[in-house]
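**Student:** Here it is: the structure, laid out below.
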Amino acid sequence: MGKKKMTPSQKRQAIWGWLFITPTMLGLIILNFYPAVNTVYQAFCKTGDFGKGNVFVGFKNFQSVLTSGETWQSLWNTVKYAIIEVPLGIVIALVLAVLLQKKLAGKTIFRTLFFLPMVCAPAAVAMVWKWLYNQQFGLLNNLLNTDIAWISDPDIAWISVGIIGVWSIIGYNMVLFIAGLQEIPKDYYEAAEIDGASGLNQFFNITVPLLSPTTFFIVQTRIIGALTVFDLMFMVMDKTNLALNKTQSIVYLFYTYAFTNSNRGYGAAIVVVLVVFIMIVTFILQKLEKKLVFYN
Amino acid sequence: MDSMSKRYAVNKFFTYIVLIVMAVIMLVPFVWMILTALKTNQEAISVNPFYILPHNGWHWSNFATVWKSYNFITLYKNTILFILFRVICACLTATMAGYAFGRLEFPGKKLMFSLVLIQMMIPSQIFIIPQYLMVSKLHLLNTTAGLVFPGLVTAFGTYLLKTSYQGLPKDLEEAAAIDGCNIGQTFLFIMLPLTRSAMISLGIFTALFAFKDLMWPMIVCSSAETTSLSAGLAKMQGQYGNDYPAMMASAVLAIVPMIVIYIIFQKQFVEGIATSGGKL
């Protein structure tokens, strides 16, 4: 800190500034930064039995986590879920957002409807879908005249859960796209119209590049969101479900170890692996941003 | 009809087809949830014949039954308090910090703000075990305070409000100073009212997040008397999962209040999500 004396105005600002940020900063340190460090520490400990303290065990937890097939299977399941949810959720939302840019009757009704899943508790949404997917009594099998084990066949269940994810997220992505589309100046389209460019042509040459910052933002938030999926999985996949191993996400696995089995050291190690994984993905995305995103 | 307007008409036709098909896909789960909620369990699990509509009258009483047997009054009360305290805490702390970061100069500001940004980048799952242990040590398991605990402050809200305060005109403080306001008064009476829309965005975002959250309420409030609607549903499904009309009636009861609020304040919801763009 410089030895220069502060003017009275600077001094006032310093006092008020620190006064105003203190609650938030204290909160962040106690509720977030200390817990983050503590989780990493616990990952190196064996969870003590009732009342007894944690015992430092070095890399033992990481060793078991990283050599367990279950961990890698869950990571792979999570990636598979993301491969369905992220692209489908984004492409469908983009199409809807573009269509809703036109002058149409009932535009607001459509928008309201598509956004509806966003204000519903995922727990309720998952319950309904589980019932739709019910093999014996569900609407889907009875309507399509099929006998598909939507959520208990290991080869299908991950797709079924992914579809719920897509259905839930379309409205959110769409609203962000609509906001992004409104920022594109109308004259670009008018000029293209005069040159006789078709609608599809305009979409790929004007909309896609000028919308790329919005698209990138959505891709990034959705990838991270999909990699930490929990609610849908937890509600749809019972502990007794035959497809559980081939479907459960890494956060579900974390929840099971840390809270159902109370093996916090092992759970902490899982979550540290997840965070490292997400950091790597974020880093790659940042690199890609410079190449793919077009900023005016 | 010339070719231009013909192309336009065809275009419009296909637009409507796509929108209507999507609308039906979005609606089917909701319609099926309500229809199932109005059946007897026997009808719900009848396959041959398969009933789309309730067959023996519409059993509105299913709602009353689950309302009582699953103690929805308590679940609503818990959820409302949970949301209310989260929103108050988030708005209060974030508006103060946002103002300081956006409008004041003080030593250490850059470092402190980088902590805010770092928090936003860390996946929240890494906080959960120690947060749970703290709540447990403070004897706040199965209390509203325990539910609210991780949401006492918000890095995302601080960032959102900071941006909002930064966007306000420069000469506001000077004018206030001439009128003899100190920094606290300037903040409270002049600046704060101007960030109303950002505050509403943060409030809606916080409320939705709390309403939808499942893992935290399940961990800290395991008893049915103290938990939130989301976690309550998870509990019901675990215990009575095979009574399909009851499950669907519960799901309807859990989501209807938020849907009604959303339809009334639609503009604020959509704008709030679009401008905040937070991760839900």
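The values are calculated or read from the model by the stated rules, or taken from the named source; none is laboratory data. Since the model is a prediction, treat every value here as computed from it, not as a measurement. Virtual Cβ from ideal backbone geometry, glycine too; neighbours counted across all protein chains shown. Ligands, DNA and RNA are stripped out before the accessible areas are found, and what is left, the full protein with its side chains, is counted by its heavy atoms. Shrake-Rupley method; radii C 1.70, N 1.55, O 1.52, S 1.80 Å.
**Student:** Determine the total buried accessible area between chain A and chain B, counting protein heavy atoms only with a 1.4 Å probe; round to the nearest 100 Å².
**Tutor:** On the way: alone 18530 and 17410 Å², together 27570 Å².
When A and B are taken together, about 8400 Å² of accessible area is lost.
**Student:** Working out 0.36 nm times the residue gap between B:V31 and B:I118, then minus their Cα-Cα distance, what length gain in nm do you get to one decimal?
**Tutor:** Numbers: separation 87, 0.36 × 87 = 31.32 nm, distance 4.27 nm.
The B:V31-B:I118 span can extend by a further 27.0 nm.
**Student:** Now for a different question. Just grab the label-to-label distance for B:S223 and A:A191, each label 7 Å out from Cα along the Cβ direction, in nm (one decimal).
**Tutor:** 6.8 nm
**Student:** May I pose another question? What is the mean number of Cβ atoms from other protein chains located within 10 Å of the Cβ atom of each residue in peptide B:99-106, rounded to a whole number?
**Tutor:** 6
**Student:** Show me, for the stretch A:145-156, the HN-Hα J-couplings you get by feeding each phi into the Karplus relation (A = 6.51, B = -1.76, C = 1.60, θ = phi - 60°), rounded to Hz, glycine and proline as x.
**Tutor:** 6, 10, 9, 8, 8, 3, 10, 10, 8, x, 7, 10
**Student:** More than 18 Å apart: what percent of Cα pairs in the stretch A:1-151 qualify?
**Tutor:** Numbers: 9275 of 11325 pairs.
Looking at the stretch A:1-151, the distances longer than 18 Å represent 82 percent of pairs.
**Student:** As a check on your grasp of the helix formula, calculate [θ] at 222 nm for chain A: sum -39500 (n - 2.57) over DSSP H runs of n ≥ 4, divide by the residue count, round to the nearest 500.
**Tutor:** On the way: 14 runs with 195 residues, N = 296.
Only helices count here, giving -21000 deg cm²/dmol.
**Student:** Still on this model: So which lysines pass the test for A:K107, namely a Cα distance under 21 Å, with those fewer than 8 places away in the same chain ruled out?
**Tutor:** Once the sequence-local lysines are set aside, what remains near A:K107 is A:K186, B:K12, B:K267.
**Student:** Please compute the average number of Cβ atoms from other chains found within 10 Å of each residue's Cβ in peptide B:31-43.
**Tutor:** Values: counts 1, 7, 7, 1, 1, 5, 0, 0, 0, 0, 0, 0, 0.
That average works out to 2.
**Student:** Compute the signed sum of charges (Lys and Arg +1, Asp and Glu -1) over the other residues within less than 14 Å, Cβ to Cβ, of B:T226.
**Tutor:** Working: positive: B:K77, B:K235; negative: B:E225.
For residues surrounding B:T226, the net value is +1.
**Student:** Hey, could you get me the Stokes-Einstein D for chain B, Kirkwood radius over alpha-carbon pairs, 4 °C and 1.567 mPa s, rounded to whole µm² s⁻¹?
**Tutor:** On the way: Rh = 22.4 Å.
For the chosen part, D equals 58 µm²/s.
**Student:** Compute for chain A: radius of gyration divided by Kirkwood radius, i.e. Rg/Rh, restricted to C-alpha atoms, rounded to two decimals.
**Tutor:** On the way: Rg = 24.5 Å, Rh = 22.9 Å.
Radius of gyration relative to Kirkwood radius: 1.07.
**Student:** With a 1.4 Å probe and all protein chains left in place, how much of the accessible area of the stretch B:51-117 comes from carbon and sulfur atoms, in whole percent? Walk me through the intermediate numbers first.
**Tutor:** Numbers: 2520 of 3430 Å².
Percent of accessible area from carbon and sulfur atoms in the stretch B:51-117: 73.
**Student:** Let me ask another. Mind checking B:228-241 for the average number of partner chain beta-carbons within 10 Å of each residue's beta-carbon? The partial results should precede the final answer.
**Tutor:** Details: counts 2, 3, 6, 2, 2, 7, 7, 1, 2, 8, 3, 0, 0, 4.
The mean count of partner-chain Cβ atoms within 10 Å per residue comes to 3.
**Student:** Could you pull the Cα extents of the stretch A:105-155 along its three principal axes, largest to smallest, in whole Å?
**Tutor:** Principal-axis extents of the Cα atoms in the stretch A:105-155, largest first: 39, 25, 20 Å.
**Student:** Continuing with the same structure: Just tell me which lysines come within less than 18 Å, Cα to Cα, of A:K46; anything on the same chain fewer than 8 places away is out.
**Tutor:** A:K60
**Student:** Leaving out ligands and nucleic acids, and using a 1.4 Å probe, what accessible area per residue does the stretch B:123-280 come to in Å²? Write down the numbers at each step before the final one.
**Tutor:** Numbers: 6500 Å² over 158 residues.
So the stretch B:123-280 comes to 41 Å² accessible per residue, rounded to a whole number.
**Student:** Now for a separate question. Tell me the per residue accessible area of chain A using a 1.4 Å probe; a whole number in Å² is fine. All intermediate terms of the calculation are to be shown ahead of the outcome.
**Tutor:** On the way: 14310 Å² over 296 residues.
Solvent-accessible surface per residue comes out at 48 Å².
**Student:** Sticking with this one: Please report the equivalent ellipsoid semi-axes of the protein assembly as shown, computed as sqrt(5 x eigenvalue) of the Cα gyration tensor, largest first, in whole Å. The partial results should precede the final answer.
**Tutor:** Details: eigenvalues 302, 236, 119 Å².
That gives 39, 34, 24 Å for the three semi-axes.
**Student:** Using a Förster distance of 22 angstrom, determine the FRET efficiency expected from the C-beta separation of B:C181 and A:T7, and round it to 0.05. All intermediate terms of the calculation are to be shown ahead of the outcome.
**Tutor:** Working: r = 18 Å, r/R0 = 0.84.
Result of the calculation: an efficiency of 0.75.
**Student:** Sticking with this one: Would you jot down the residues in the stretch A:232-263 that end up with at least 20 Å² less accessible area in the complete protein assembly than in the chain alone, with a 1.4 Å probe?
**Tutor:** Residues meeting the cut-off: A:F234, A:M235, A:V251, A:F254, A:Y255, A:F259.
**Student:** With the full set of protein chains in place, find how many percent of the accessible area of the stretch B:143-280 is carbon and sulfur; take the probe as 1.4 Å.
**Tutor:** Carbon and sulfur together cover 63 percent of it.
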